[in-house]
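The values are calculated or read from the model by the stated rules, or taken from the named source; none is laboratory data. Predicted model only: the values in this text are computed from it and were never measured. As a convention, Cβ positions derive from the backbone with ideal geometry for all residues, glycine included, and neighbour counts pool all protein chains shown. Remember, those area values only see protein heavy atoms, side chains included, never the ligands or the DNA or RNA. Shrake-Rupley method; radii C 1.70, N 1.55, O 1.52, S 1.80 Å.
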Protein chains: 2
Amino acid sequence: MTISSRQNVWFKRIREAIHDHDDEIVIEGPKAVADAVAAGWVPIKTFGRGVDFTAGLFDALAETKSPQNVIGLFHRPQSSLDQIFARDSSVVVALDGVQDPGNVGTIVRLAAAFDANGIVLLPGCADPYSPKAIRSSAGAILSVPVVSASVEDLLMRGWPIVAADARGEAGDPPARRAVLAFGSEGSGLSPALADGARTIAIRMSPRIESLNVATSAAILLARSYELRA
Amino acid sequence: MTISSRQNVWFKRIREAIHDHDDEIVIEGPKAVADAVAAGWVPIKTFGRGVDFTAGLFDALAETKSPQNVIGLFHRPQSSLDQIFARDSSVVVALDGVQDPGNVGTIVRLAAAFDANGIVLLPGCADPYSPKAIRSSAGAILSVPVVSASVEDLLMRGWPIVAADARGEAGDPPARRAVLAFGSEGSGLSPALADGARTIAIRMSPRIESLNVATSAAILLARSYELRA
(Lines give C-alpha, C1' and ligand atoms only; values in the text may rest on other atoms or scores of the structure.)
Protein backbone atom coordinates (compact mmCIF):
# COMPACT_ATOMS: atom_id res chain seq x y z
CA MET A 1 0.00 0.00 0.00
CA THR A 2 1.26 3.44 -0.95
CA ILE A 3 1.63 5.72 2.05
CA SER A 4 0.02 9.11 1.51
CA SER A 5 -0.36 10.51 5.04
CA ARG A 6 2.08 12.59 7.04
CA GLN A 7 0.67 10.85 10.12
CA ASN A 8 2.03 7.49 8.98
CA VAL A 9 4.55 5.99 11.44
CA TRP A 10 7.15 5.28 8.73
CA PHE A 11 6.93 8.83 7.46
CA LYS A 12 7.49 10.18 10.97
CA ARG A 13 10.31 7.75 11.66
CA ILE A 14 12.20 8.62 8.45
CA ARG A 15 11.75 12.32 9.07
CA GLU A 16 13.21 11.88 12.55
CA ALA A 17 16.16 9.88 11.15
CA ILE A 18 16.85 12.65 8.62
CA HIS A 19 16.53 15.36 11.25
CA ASP A 20 18.17 13.85 14.34
CA HIS A 21 20.10 10.80 13.02
CA ASP A 22 20.48 9.56 16.61
CA ASP A 23 19.72 5.85 16.27
CA GLU A 24 18.67 5.57 12.67
CA ILE A 25 19.97 7.22 9.49
CA VAL A 26 18.72 7.64 5.95
CA ILE A 27 20.73 6.89 2.81
CA GLU A 28 19.36 8.54 -0.34
CA GLY A 29 19.52 7.25 -3.89
CA PRO A 30 19.51 3.80 -5.50
CA LYS A 31 23.32 3.70 -6.00
CA ALA A 32 24.17 4.64 -2.40
CA VAL A 33 21.56 2.24 -0.98
CA ALA A 34 22.84 -0.58 -3.23
CA ASP A 35 26.44 0.13 -2.18
CA ALA A 36 25.42 -0.02 1.48
CA VAL A 37 23.66 -3.33 0.98
CA ALA A 38 26.67 -4.67 -0.97
CA ALA A 39 28.86 -3.63 1.98
CA GLY A 40 26.80 -5.91 4.21
CA TRP A 41 24.36 -3.44 5.74
CA VAL A 42 20.80 -4.64 6.07
CA PRO A 43 18.32 -1.79 5.72
CA ILE A 44 15.50 -1.60 8.24
CA LYS A 45 13.40 -0.87 5.17
CA THR A 46 13.77 0.75 1.75
CA PHE A 47 11.20 3.07 0.21
CA GLY A 48 10.49 3.90 -3.43
CA ARG A 49 9.04 7.15 -4.73
CA GLY A 50 5.53 6.55 -6.04
CA VAL A 51 5.65 2.97 -4.72
CA ASP A 52 5.89 2.95 -0.93
CA PHE A 53 5.17 6.67 -0.68
CA THR A 54 3.17 8.89 -3.00
CA ALA A 55 5.52 11.07 -5.07
CA GLY A 56 4.39 14.18 -3.20
CA LEU A 57 5.01 12.69 0.23
CA PHE A 58 8.36 11.22 -0.84
CA ASP A 59 9.48 14.62 -2.12
CA ALA A 60 8.44 16.17 1.19
CA LEU A 61 10.85 13.77 2.93
CA ALA A 62 13.85 14.33 0.68
CA GLU A 63 16.34 16.96 1.77
CA THR A 64 17.57 17.83 -1.69
CA LYS A 65 15.74 19.52 -4.53
CA SER A 66 16.30 16.50 -6.75
CA PRO A 67 14.93 13.54 -4.78
CA GLN A 68 16.52 10.26 -5.73
CA ASN A 69 13.55 7.86 -6.03
CA VAL A 70 14.82 5.45 -3.39
CA ILE A 71 15.77 5.92 0.24
CA GLY A 72 16.91 3.37 2.77
CA LEU A 73 16.47 3.52 6.54
CA PHE A 74 19.45 2.00 8.42
CA HIS A 75 20.63 1.66 12.00
CA ARG A 76 23.26 4.27 12.83
CA PRO A 77 26.60 2.40 12.89
CA GLN A 78 28.31 2.12 16.27
CA SER A 79 32.10 2.01 16.25
CA SER A 80 34.75 2.20 18.95
CA LEU A 81 38.26 3.62 19.28
CA ASP A 82 39.49 0.06 19.93
CA GLN A 83 38.16 -0.96 16.53
CA ILE A 84 39.79 2.00 14.78
CA PHE A 85 43.17 1.38 16.44
CA ALA A 86 43.10 -2.42 16.05
CA ARG A 87 45.11 -2.55 12.82
CA ASP A 88 48.57 -1.00 12.68
CA SER A 89 49.16 -1.63 8.95
CA SER A 90 47.29 1.57 8.02
CA VAL A 91 46.61 5.06 9.37
CA VAL A 92 43.81 6.66 11.39
CA VAL A 93 42.34 10.03 10.34
CA ALA A 94 41.56 12.61 13.04
CA LEU A 95 39.47 15.72 12.30
CA ASP A 96 39.65 18.70 14.62
CA GLY A 97 36.92 21.32 14.38
CA VAL A 98 35.92 20.48 10.81
CA GLN A 99 32.49 22.10 10.88
CA ASP A 100 31.35 21.69 7.31
CA PRO A 101 29.33 18.45 6.83
CA GLY A 102 30.31 18.33 3.14
CA ASN A 103 34.00 18.24 4.08
CA VAL A 104 33.42 15.58 6.76
CA GLY A 105 31.49 13.41 4.29
CA THR A 106 34.11 13.85 1.56
CA ILE A 107 36.84 12.77 3.99
CA VAL A 108 34.80 9.68 4.95
CA ARG A 109 34.79 8.76 1.25
CA LEU A 110 38.56 9.36 1.07
CA ALA A 111 39.14 7.13 4.11
CA ALA A 112 37.39 4.32 2.22
CA ALA A 113 39.22 5.06 -1.06
CA PHE A 114 42.62 5.01 0.63
CA ASP A 115 41.91 2.31 3.17
CA ALA A 116 42.35 4.25 6.41
CA ASN A 117 41.30 2.40 9.56
CA GLY A 118 38.64 4.95 10.41
CA ILE A 119 38.01 8.51 11.52
CA VAL A 120 38.24 10.06 14.97
CA LEU A 121 36.11 13.19 15.26
CA LEU A 122 37.53 15.59 17.82
CA PRO A 123 35.34 18.36 19.28
CA GLY A 124 33.79 20.88 16.92
CA CYS A 125 33.20 18.59 13.94
CA ALA A 126 29.97 18.24 11.98
CA ASP A 127 27.92 15.07 12.54
CA PRO A 128 28.98 12.57 9.84
CA TYR A 129 25.45 11.11 9.81
CA SER A 130 23.65 14.31 8.77
CA PRO A 131 22.04 14.02 5.32
CA LYS A 132 24.58 16.39 3.73
CA ALA A 133 27.57 14.51 5.17
CA ILE A 134 26.08 11.16 4.12
CA ARG A 135 25.54 12.44 0.58
CA SER A 136 29.11 13.74 0.39
CA SER A 137 30.40 10.36 1.55
CA ALA A 138 28.67 8.76 -1.46
CA GLY A 139 27.58 5.84 0.72
CA ALA A 140 31.01 5.24 2.29
CA ILE A 141 29.68 6.30 5.70
CA LEU A 142 28.49 2.74 6.28
CA SER A 143 31.86 1.15 5.60
CA VAL A 144 34.15 3.53 7.49
CA PRO A 145 34.21 3.44 11.32
CA VAL A 146 33.73 6.94 12.72
CA VAL A 147 33.96 7.75 16.45
CA SER A 148 33.77 10.98 18.45
CA ALA A 149 36.49 11.38 21.06
CA SER A 150 38.39 13.96 23.10
CA VAL A 151 41.96 15.00 22.30
CA GLU A 152 43.02 13.25 25.55
CA ASP A 153 41.42 9.97 24.43
CA LEU A 154 43.29 10.24 21.15
CA LEU A 155 46.65 11.06 22.73
CA MET A 156 46.30 8.14 25.19
CA ARG A 157 46.42 5.68 22.28
CA GLY A 158 50.11 6.45 21.95
CA TRP A 159 50.25 6.51 18.16
CA PRO A 160 52.39 9.21 16.51
CA ILE A 161 50.23 12.14 15.38
CA VAL A 162 51.11 13.90 12.13
CA ALA A 163 49.13 17.04 11.38
CA ALA A 164 48.71 18.79 8.04
CA ASP A 165 49.81 22.39 8.47
CA ALA A 166 50.83 24.78 5.68
CA ARG A 167 53.53 26.24 8.01
CA GLY A 168 55.14 22.82 8.63
CA GLU A 169 57.97 21.30 6.67
CA ALA A 170 57.11 19.64 3.37
CA GLY A 171 57.31 15.87 3.58
CA ASP A 172 55.66 12.55 2.98
CA PRO A 173 52.80 11.44 5.24
CA PRO A 174 53.16 8.31 7.37
CA ALA A 175 52.08 5.04 5.76
CA ARG A 176 51.07 3.09 8.87
CA ARG A 177 50.51 3.13 12.65
CA ALA A 178 50.04 6.88 12.81
CA VAL A 179 47.24 9.40 13.10
CA LEU A 180 46.88 11.88 10.23
CA ALA A 181 45.21 14.95 11.72
CA PHE A 182 43.47 17.82 9.95
CA GLY A 183 42.26 21.06 11.53
CA SER A 184 39.68 23.51 10.25
CA GLU A 185 40.66 25.67 7.29
CA GLY A 186 40.07 28.85 9.26
CA SER A 187 41.45 28.20 12.72
CA GLY A 188 43.84 25.24 12.33
CA LEU A 189 44.57 22.68 15.04
CA SER A 190 43.46 23.14 18.64
CA PRO A 191 46.46 23.81 20.94
CA ALA A 192 46.15 20.52 22.86
CA LEU A 193 46.43 18.55 19.64
CA ALA A 194 49.14 20.77 18.11
CA ASP A 195 51.27 20.17 21.22
CA GLY A 196 51.21 16.42 20.68
CA ALA A 197 51.68 16.45 16.91
CA ARG A 198 54.44 16.67 14.33
CA THR A 199 53.38 18.84 11.39
CA ILE A 200 53.89 18.30 7.67
CA ALA A 201 53.07 20.60 4.79
CA ILE A 202 51.95 19.79 1.27
CA ARG A 203 54.41 21.15 -1.29
CA MET A 204 52.67 23.92 -3.17
CA SER A 205 53.08 27.25 -4.89
CA PRO A 206 53.52 30.31 -2.65
CA ARG A 207 50.68 31.87 -4.68
CA ILE A 208 48.16 30.12 -2.44
CA GLU A 209 48.06 30.32 1.37
CA SER A 210 46.15 27.18 2.19
CA LEU A 211 44.09 24.36 0.76
CA ASN A 212 40.60 23.23 1.61
CA VAL A 213 40.70 20.55 4.33
CA ALA A 214 39.19 17.88 2.07
CA THR A 215 41.77 18.69 -0.62
CA SER A 216 44.62 18.33 1.89
CA ALA A 217 43.17 15.04 3.11
CA ALA A 218 42.87 13.73 -0.47
CA ILE A 219 46.50 14.47 -1.26
CA LEU A 220 47.98 13.09 1.96
CA LEU A 221 45.75 10.00 2.17
CA ALA A 222 46.44 9.12 -1.48
CA ARG A 223 50.18 9.45 -0.86
CA SER A 224 50.01 7.43 2.36
CA TYR A 225 48.19 4.65 0.49
CA GLU A 226 50.81 4.70 -2.26
CA LEU A 227 53.67 4.45 0.24
CA ARG A 228 51.91 1.52 1.93
CA ALA A 229 51.27 -0.39 -1.29
CA MET B 1 26.14 58.61 -1.10
CA THR B 2 24.56 55.32 -0.10
CA ILE B 3 22.65 53.71 -2.94
CA SER B 4 19.16 52.61 -1.91
CA SER B 5 17.32 52.18 -5.23
CA ARG B 6 17.04 49.13 -7.41
CA GLN B 7 16.94 51.52 -10.36
CA ASN B 8 20.51 52.66 -9.69
CA VAL B 9 22.86 51.97 -12.62
CA TRP B 10 25.53 50.31 -10.41
CA PHE B 11 22.93 48.05 -8.85
CA LYS B 12 21.75 46.95 -12.30
CA ARG B 13 25.30 46.53 -13.59
CA ILE B 14 26.37 44.35 -10.65
CA ARG B 15 23.24 42.25 -10.92
CA GLU B 16 23.99 41.68 -14.59
CA ALA B 17 27.61 40.74 -13.83
CA ILE B 18 26.41 38.21 -11.23
CA HIS B 19 23.77 36.83 -13.56
CA ASP B 20 25.47 36.81 -16.97
CA HIS B 21 29.21 37.35 -16.20
CA ASP B 22 29.82 38.11 -19.88
CA ASP B 23 32.12 41.12 -19.71
CA GLU B 24 32.22 41.84 -16.01
CA ILE B 25 32.33 39.57 -12.97
CA VAL B 26 31.76 39.97 -9.25
CA ILE B 27 34.11 38.77 -6.52
CA GLU B 28 32.49 38.48 -3.08
CA GLY B 29 34.11 39.00 0.30
CA PRO B 30 36.91 41.21 1.64
CA LYS B 31 39.54 38.42 1.54
CA ALA B 32 38.85 37.38 -2.07
CA VAL B 33 38.69 41.01 -3.25
CA ALA B 34 41.97 41.80 -1.44
CA ASP B 35 43.63 38.72 -2.97
CA ALA B 36 42.50 39.81 -6.44
CA VAL B 37 43.89 43.31 -5.90
CA ALA B 38 47.15 41.84 -4.55
CA ALA B 39 47.36 39.70 -7.71
CA GLY B 40 47.36 42.90 -9.76
CA TRP B 41 43.70 43.15 -10.71
CA VAL B 42 42.20 46.64 -10.57
CA PRO B 43 38.53 46.54 -9.65
CA ILE B 44 36.16 48.68 -11.69
CA LYS B 45 34.74 49.55 -8.27
CA THR B 46 34.29 47.95 -4.84
CA PHE B 47 31.13 48.23 -2.78
CA GLY B 48 30.63 47.98 0.99
CA ARG B 49 27.46 46.81 2.73
CA GLY B 50 25.84 49.75 4.51
CA VAL B 51 28.36 52.11 2.92
CA ASP B 52 27.95 52.18 -0.85
CA PHE B 53 24.69 50.27 -0.72
CA THR B 54 22.08 50.13 2.02
CA ALA B 55 22.33 46.79 3.87
CA GLY B 56 18.99 45.69 2.43
CA LEU B 57 19.95 46.44 -1.16
CA PHE B 58 23.41 44.85 -0.71
CA ASP B 59 21.81 41.66 0.63
CA ALA B 60 19.46 41.62 -2.36
CA LEU B 61 22.55 41.54 -4.61
CA ALA B 62 24.45 38.80 -2.82
CA GLU B 63 23.96 35.27 -4.08
CA THR B 64 24.68 33.53 -0.77
CA LYS B 65 22.65 33.61 2.40
CA SER B 66 25.60 35.05 4.31
CA PRO B 67 26.61 38.16 2.35
CA GLN B 68 30.21 39.10 2.83
CA ASN B 69 30.09 42.90 3.37
CA VAL B 70 32.30 43.73 0.41
CA ILE B 71 32.00 42.93 -3.28
CA GLY B 72 34.24 43.97 -6.16
CA LEU B 73 33.25 44.43 -9.79
CA PHE B 74 36.04 43.35 -12.20
CA HIS B 75 36.49 42.96 -15.93
CA ARG B 76 36.15 39.32 -16.96
CA PRO B 77 39.68 38.09 -17.69
CA GLN B 78 40.47 37.23 -21.30
CA SER B 79 43.03 34.48 -21.86
CA SER B 80 44.17 32.58 -24.95
CA LEU B 81 45.34 29.05 -25.72
CA ASP B 82 48.69 30.56 -26.82
CA GLN B 83 49.13 31.99 -23.33
CA ILE B 84 48.27 28.67 -21.66
CA PHE B 85 50.65 26.70 -23.87
CA ALA B 86 53.49 29.24 -23.76
CA ARG B 87 55.40 27.63 -20.90
CA ASP B 88 56.54 24.02 -21.21
CA SER B 89 57.98 23.73 -17.68
CA SER B 90 54.54 22.91 -16.23
CA VAL B 91 51.28 21.20 -17.20
CA VAL B 92 47.95 22.33 -18.62
CA VAL B 93 44.67 21.13 -17.10
CA ALA B 94 41.80 20.17 -19.44
CA LEU B 95 38.27 19.61 -18.16
CA ASP B 96 35.79 17.64 -20.25
CA GLY B 97 32.10 17.94 -19.38
CA VAL B 98 32.65 18.98 -15.77
CA GLN B 99 29.22 20.45 -15.16
CA ASP B 100 29.36 21.33 -11.50
CA PRO B 101 30.52 24.94 -10.97
CA GLY B 102 31.83 24.05 -7.50
CA ASN B 103 34.15 21.41 -9.02
CA VAL B 104 35.32 23.81 -11.75
CA GLY B 105 36.08 26.52 -9.17
CA THR B 106 37.88 24.08 -6.87
CA ILE B 107 40.07 22.94 -9.78
CA VAL B 108 40.88 26.58 -10.62
CA ARG B 109 42.16 26.94 -7.05
CA LEU B 110 44.18 23.72 -7.42
CA ALA B 111 45.73 24.99 -10.66
CA ALA B 112 46.99 28.03 -8.73
CA ALA B 113 48.16 25.94 -5.76
CA PHE B 114 50.12 23.55 -7.96
CA ASP B 115 51.27 26.07 -10.54
CA ALA B 116 49.60 24.68 -13.66
CA ASN B 117 49.78 26.93 -16.72
CA GLY B 118 46.03 27.26 -16.94
CA ILE B 119 42.80 25.45 -17.68
CA VAL B 120 41.24 24.47 -21.00
CA LEU B 121 37.48 24.01 -20.71
CA LEU B 122 36.22 21.54 -23.29
CA PRO B 123 32.50 21.41 -24.18
CA GLY B 124 30.00 20.74 -21.41
CA CYS B 125 31.80 22.46 -18.56
CA ALA B 126 30.27 24.96 -16.15
CA ASP B 127 31.22 28.63 -16.61
CA PRO B 128 34.18 29.32 -14.30
CA TYR B 129 32.98 32.91 -13.81
CA SER B 130 29.61 32.05 -12.29
CA PRO B 131 29.31 33.21 -8.66
CA LYS B 132 29.46 29.63 -7.31
CA ALA B 133 32.58 28.75 -9.33
CA ILE B 134 34.25 32.02 -8.32
CA ARG B 135 33.51 31.33 -4.64
CA SER B 136 34.90 27.79 -4.93
CA SER B 137 38.07 29.16 -6.52
CA ALA B 138 38.59 31.31 -3.40
CA GLY B 139 39.72 34.22 -5.57
CA ALA B 140 42.13 32.16 -7.70
CA ILE B 141 39.95 32.69 -10.79
CA LEU B 142 41.72 36.00 -11.45
CA SER B 143 45.22 34.50 -11.41
CA VAL B 144 44.63 31.34 -13.46
CA PRO B 145 44.12 31.62 -17.24
CA VAL B 146 40.98 29.75 -18.30
CA VAL B 147 39.93 29.31 -21.94
CA SER B 148 37.10 27.43 -23.65
CA ALA B 149 38.15 25.33 -26.61
CA SER B 150 37.14 22.36 -28.75
CA VAL B 151 38.80 18.95 -28.47
CA GLU B 152 40.27 19.57 -31.95
CA ASP B 153 41.86 22.86 -30.83
CA LEU B 154 43.41 21.05 -27.88
CA LEU B 155 44.72 18.11 -29.93
CA MET B 156 46.25 20.49 -32.48
CA ARG B 157 48.62 21.84 -29.83
CA GLY B 158 50.51 18.55 -30.04
CA TRP B 159 51.18 18.15 -26.31
CA PRO B 160 50.82 14.64 -24.85
CA ILE B 161 47.42 14.22 -23.17
CA VAL B 162 47.20 12.17 -19.99
CA ALA B 163 43.69 11.51 -18.71
CA ALA B 164 42.65 10.41 -15.23
CA ASP B 165 40.65 7.22 -15.55
CA ALA B 166 39.97 4.67 -12.81
CA ARG B 167 40.28 1.87 -15.42
CA GLY B 168 43.76 3.00 -16.52
CA GLU B 169 47.06 1.74 -15.18
CA ALA B 170 48.25 3.28 -11.91
CA GLY B 171 51.16 5.64 -12.40
CA ASP B 172 52.64 9.04 -11.81
CA PRO B 173 51.23 12.04 -13.66
CA PRO B 174 53.47 14.02 -16.05
CA ALA B 175 55.43 16.88 -14.53
CA ARG B 176 55.74 19.17 -17.56
CA ARG B 177 54.74 19.80 -21.19
CA ALA B 178 51.61 17.66 -20.99
CA VAL B 179 47.88 18.09 -20.67
CA LEU B 180 46.27 16.52 -17.60
CA ALA B 181 42.65 15.82 -18.57
CA PHE B 182 39.67 15.07 -16.33
CA GLY B 183 36.23 13.92 -17.46
CA SER B 184 32.94 14.12 -15.62
CA GLU B 185 32.43 11.76 -12.70
CA GLY B 186 29.38 10.24 -14.33
CA SER B 187 30.21 9.85 -17.99
CA GLY B 188 34.02 10.04 -18.20
CA LEU B 189 35.95 11.39 -21.18
CA SER B 190 34.33 12.16 -24.50
CA PRO B 191 35.39 9.65 -27.20
CA ALA B 192 37.35 12.21 -29.28
CA LEU B 193 39.50 13.09 -26.28
CA ALA B 194 39.86 9.50 -25.05
CA ASP B 195 41.19 8.52 -28.50
CA GLY B 196 44.02 11.01 -28.23
CA ALA B 197 44.91 10.37 -24.60
CA ARG B 198 46.97 7.99 -22.49
CA THR B 199 45.13 7.13 -19.26
CA ILE B 200 46.47 6.85 -15.72
CA ALA B 201 44.68 5.72 -12.59
CA ILE B 202 45.12 6.84 -9.01
CA ARG B 203 46.12 3.94 -6.80
CA MET B 204 43.22 3.25 -4.45
CA SER B 205 41.30 0.60 -2.59
CA PRO B 206 38.97 -1.61 -4.65
CA ARG B 207 36.29 -0.69 -2.07
CA ILE B 208 35.58 2.52 -4.01
CA GLU B 209 34.78 2.74 -7.72
CA SER B 210 35.70 6.31 -8.44
CA LEU B 211 36.71 9.60 -6.90
CA ASN B 212 35.13 13.01 -7.27
CA VAL B 213 36.76 14.92 -10.17
CA ALA B 214 38.11 17.66 -7.88
CA THR B 215 39.62 15.00 -5.61
CA SER B 216 41.34 13.31 -8.56
CA ALA B 217 42.64 16.67 -9.76
CA ALA B 218 43.99 17.50 -6.28
CA ILE B 219 45.93 14.24 -6.04
CA LEU B 220 47.40 14.30 -9.55
CA LEU B 221 48.22 18.03 -9.62
CA ALA B 222 49.92 17.85 -6.20
CA ARG B 223 51.99 14.88 -7.39
CA SER B 224 52.87 16.58 -10.68
CA TYR B 225 54.05 19.65 -8.74
CA GLU B 226 56.15 17.47 -6.45
CA LEU B 227 57.80 15.70 -9.39
CA ARG B 228 58.56 19.08 -10.99
CA ALA B 229 60.09 20.60 -7.85
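Once you mark the trypsin sites (Lys or Arg not before Pro) that are in a DSSP loop and have at most 11 other Cβ atoms within 10 Å, what is the longest gap between them in chain B? The longest uninterrupted stretch comes out as B:66-229.
Rg ratio for region B:112-182: its Cα radius of gyration over 2.2 N^0.38 Å, N being its residue count, equals 1.21.
Shielding of peptide A:139-147 by partners, expressed as the average count of other chain Cβ atoms within 10 Å per residue Cβ, is 1. Of the beta bridges in chain B, as assigned by DSSP with both residues counted there, near 30 percent are antiparallel. Length, then width, then depth: along the principal axes, the Cα atoms of region A:87-139 run 31, 24, 12 Å. Against chain A, whose longest principal axis comes from its Cα atoms, helix A:213-228 is set at around 70 degrees.
Could you order A:L189, A:L122 so the one with the most accessible surface comes first? Probe is 1.4 Å.
Output order, biggest surface exposure first: A:L189, A:L122.
The contact between chain A and chain B removes approximately 2400 Å² from the accessible area (both sides summed; 1.4 Å probe; ligands, DNA and RNA excluded).
With contacts taken as Cα pairs under 8 Å at a separation of at least 6 residues, chain B carries a relative contact order of 19 percent. Taking all protein chains into account, the per residue accessible area for chain B stands at 44 Å² (1.4 Å probe). For region B:1-108, taking Cα atoms only, Rg and Dmax work out to 16.3, 51 Å respectively. Based on the reciprocal of the average 1/r between different C-alpha atoms, the Kirkwood radius for region B:1-43 equals 11.7 Å.
Using the alpha-carbon centroid of each, what span in Å lies between region B:152-229 and region A:137-210? So the separation of the two Cα centres works out to 27 Å. Remark: mean inter-chain Cβ contacts per residue of A:207-213 equal 6, using a 10 Å Cβ-Cβ cutoff to other protein chain atoms. Counting only alpha carbon atoms, the long axis of helix B:9-19 and the longest principal axis of chain B meet at about 20°. Can you say what percent of the DSSP beta bridges in the protein assembly as shown, counting only those with both residues inside, are antiparallel? Round to 5. The answer is about 30 percent antiparallel. What gaps in nm, shortest first, separate A:A34 from its twins in the other copies when you place the label 7 Å past Cα toward the beta carbon? Values, ascending and in nm: 4.9.
May I ask you to work out the translational diffusion coefficient for the protein assembly as shown at 37 °C, viscosity 0.692 mPa s, via Stokes-Einstein with Rh from the Kirkwood sum over Cα pairs, reported in whole µm²/s? It comes out at roughly 139 µm²/s.
Here the 3J(HN,Hα) profile of region B:33-41, calculated from phi with Karplus coefficients 6.51, -1.76 and 1.60 at θ = phi - 60°, is 5, 5, 4, 5, 5, 4, 7, x, 8 Hz, Gly and Pro shown as x. Annotation: amide H-H contacts under 5 Å for B:D115 (H modelled 1.01 Å from N, sequence separation of 5 or more, or interchain): A:S205.
Only helices enter the 222 nm calculation for chain B: every DSSP H run of n ≥ 4 contributes -39,500 (n - 2.57), and dividing by all residues gives -9500 deg cm²/dmol, rounded to 500.
Where a ≥ b ≥ c are the square roots of the eigenvalues of the C-alpha gyration tensor, would you call region B:174-229 rounded, which needs a/c under 1.5, or, failing that, prolate if a/b is larger than b/c, or oblate? Verdict is oblate for region B:174-229. Once C-alpha pairs closer than 8 Å and six or more residues apart are averaged by separation and normalised to the residue number of region A:9-75, the relative contact order reads 46 percent.
Within the full protein context, the accessible area of B:T2 is estimated at about 60 Å² for a probe radius of 1.4 Å.
So what's the gap between the Cα centers of region A:1-69 and region B:42-110, to the nearest angstrom? So the separation of the two Cα centres works out to 37 Å.
Within region A:82-127, the residues that become at least 30 Å² less accessible when every protein chain is included than when their own chain is isolated (1.4 Å probe; DNA, RNA and ligands ignored) are A:R109, A:A112, A:A113, A:F114.
With label points built 7 Å along Cα→Cβ from the Cα atoms of B:R13 and B:D172, find their separation and express it in nm. Going by the 7 Å Cα→Cβ label model, 5.1 nm. Roughly what percent of Cα-Cα pairs across region A:81-228 reach past 27 Å? Tail of P(r) above 27 Å: 11 percent of Cα pairs.
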